[in-house]
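Down below is the structure, laid out as structure tokens.
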Amino acid sequence: KAKEDGRNCFRYFSMNLQEQVQKRMELETDIQRALRDGEFEIFYQPRVAAEDLRIVGAEALIRWNHPTRGVIEPSEFIPLCEETGLIEQVGDWVLGIAVDQQVHWRNMGFPLVVSINLSPRQFKNEDIVSKVAKAIARTGCRPNELELEITESMIMEKDHTVARVVSELTKLGVRLSIDDFGTGYSNLASLQNFPVDSLKIDRSFIENMRSNQAITEMIISLSKLMGMKIVAEGVETFEQLNWLREKGCQEFQGFYFSKPVPAAEFDTLLIPAGKRDRA
Ligand code: C2E
Ligand code: MG
Ligand code: MG
Ligand code: MG
């Protein structure tokens with residue numbers, strides 16, 4: 001009986017697995033097509049300075065305009081890209097577009113810091129250094145106006161390649177920021193060994209601010225002592241903004257200011273409607 005159950009179980013599982021494999025393969029070819037046919041688009045979300053709430057930066061966030069499925073969020077395809085290695089091609093594309101956009105905004109008179117997200121696979125491959133160097137050389141983008149967002153776990157690994165990549169990127173002069181800070185296992189002390197420019201406090205802390213006030217305050221003050229800029233992600237309300245500002249958080253990003261928008265729409269955030277004719 002047990003054997004029978006096992007077999008049924010196996011059959012059921014294997015069918016599911018087959019379906020899953022099929023789905024993945026479809027998605028993989030879909031992603032390759034998307035790259036070829038230009039179905040990806042980058043949206044940008046503003047980052048504003050605490051003092052005057054001026055836009056000082058933009059985070060590049062990928063979207064997929066799928067011909068039949070509509071807009072697909074990165075959480076639905078970035079993990080598969082990461083697993084299959086397609087992230088290299090997708091990431092190269094993102095980097096190229098983002099530096100062009102940085103130059104476009106600088107030429108408009110807005111020297112924003114444009115940040116892109118790097119996945120573990122991209123970051124563990126030394127090629128990232130020459131790719132970034134080439135992107136900078138091609139566009140004339142200033143290195144310190146380009147920021148790479150990585151997560152805590154990516155630098156906590158005792159990996160020699162990672163240490164080398166970090167030091168080479170630092171030599172190029174690009175900025176490094178730790179994304180989703182507070183969700184991983186790193187501690188601020190171990191970050192001291194890395195030339196990190198800023199920490200982005202994870203959205204979950206801001207979302208449940210009441211229960212996280214003490215820890216958020218501690219993150220802000222310690223990172224200040226360590227000379228890192230502190231950025232709050234996921235700021236949605238005036239209350240959150242005020243509290244974070246009072247505690248000394250230097251930059252904000254979140255729906256309270258703007259959700260991620262297409263590049264052309266971002267231009268209109270930089271130049272308010274009344275001034276657009278004159279600009
Ligand atoms: P992330 O880098 O932490 O990006 C912030 C995410 O939070 C974005 O989701 C953004 O839309 C969302 N967000 C920003 N402000 C608010 C807010 O006030 N409230 C709420 N509820 N959400 C807010 P998105 O665009 O769906 O991106 C999800 C994740 O996908 C990113 O998280 C990043 O890890 C990854 N990702 C996006 N684009 C790329 C890319 O080009 N390459 C790689 N490797 N990963 C990417
Ligand atoms: Mg990010
Ligand atoms: Mg984040
Ligand atoms: Mg995130």
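The values are calculated or read from the model by the stated rules, or taken from the named source; none is laboratory data. What you see is a predicted model, and the numbers here were worked out from it, not measured in a lab. Because the Cβ atoms are built from the backbone with ideal geometry, glycine has one as well, and the counts that use them run over all protein chains shown. Please note that ligands, DNA and RNA were not included when accessible areas were found on the heavy atoms of the full protein model with its side chains. Shrake-Rupley method; radii C 1.70, N 1.55, O 1.52, S 1.80 Å.
Regarding residue 228, is this residue open to solvent by less than 20 Å² (accessible area, probe 1.4 Å) and within 19 Å of residue 48 (Cβ to Cβ)? Yes.
Within segment 184-216, the set of residues being acidic (Asp, Glu) and in a loop (DSSP other than H, G, I, E, B) comprises 197, 202. Condition (residue is more than 16 Å from ligand 3 (Cβ to nearest atom), within 16 Å of the chain's Cα centre (by Cα) and not β-branched (Val, Ile, Thr)) applied to segment 126-144: is it met by at least one residue? No.
In segment 222-249, the qualifying residues are those that are of a type outside the set (Val, Ile, Thr), closer than 28 Å to residue 73 by Cβ and not in a helix (DSSP H, G or I), and the one that is nearest to ligand 3 (Cβ to nearest atom) is 233.
Kindly check whether there is at least one residue in segment 235-245 that is crowded, with 16+ Cβ neighbours inside 10 Å, within 18 Å of the chain's Cα centre (by Cα) and of a type in the set (A, V, I, L, M, F, W, C). Yes, there is a match, as at least one residue in segment 235-245 is crowded, with 16+ Cβ neighbours inside 10 Å, within 18 Å of the chain's Cα centre (by Cα) and of a type in the set (A, V, I, L, M, F, W, C). Consider segment 250-279 and keep the residues that are in contact with a helix residue (DSSP H, G or I) (Cβ under 8 Å, 6 or more places away or on another chain) and within 15 Å of ligand 3 (Cβ to nearest atom). The one that is farthest from residue 106 (Cα to Cα) is 254.
This table checks each residue for (1) more than 21 Å from residue 49 (Cβ to Cβ); (2) open to solvent by 30 Å² or more (accessible area, probe 1.4 Å).
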residue	(1), (2)
137	yes, yes
162	yes, no
175	no, yes
207	yes, yes
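Candidates are the residues of segment 214-223 that are at pLDDT 90 or above and in contact with a strand residue (DSSP E or B) (Cβ under 8 Å, 6 or more places away or on another chain); the one that is surrounded by the fewest Cβ atoms within 10 Å (Cβ to Cβ) is 220. The single residue among 194, 123 that is within 15 Å of ligand 1 (Cβ to nearest atom) and either acidic (Asp, Glu) or in contact (Cβ under 8 Å) with a residue 24 or more places away in the chain (or both) turns out to be 123. Sub-9 Å Cβ pairs linking a first residue in segment 77-99 that is open to solvent by 20 Å² or more (accessible area, probe 1.4 Å) to a second residue that is within 16 Å of ligand 4 (Cβ to nearest atom) and of a type in the set (Ser, Thr, Tyr), at least 6 apart or interchain, are 78/119; 79/119; 82/119, ordered by first then second residue. Summed over segment 201-245, residues that are of a type outside the set (A, V, I, L, M) and touching an Asp or Glu at 6+ places or on another chain (Cβ under 7 Å) total 5. Looking for something open to solvent by 40 Å² or more (accessible area, probe 1.4 Å), within 16 Å of the chain's Cα centre (by Cα), in contact (Cβ under 8 Å) with a residue 40 or more places away in the chain and within 16 Å of ligand 4 (Cβ to nearest atom) - is there at least one such residue anywhere in segment 53-76? Within segment 53-76 (the criterion being open to solvent by 40 Å² or more (accessible area, probe 1.4 Å), within 16 Å of the chain's Cα centre (by Cα), in contact (Cβ under 8 Å) with a residue 40 or more places away in the chain and within 16 Å of ligand 4 (Cβ to nearest atom)), the answer is no, since none of the residues qualifies. Answer with yes or no whether residue 177 is within 16 Å of ligand 4 (Cβ to nearest atom) and assigned to a helix (DSSP H, G or I). It is false that residue 177 is within 16 Å of ligand 4 (Cβ to nearest atom) and assigned to a helix (DSSP H, G or I).
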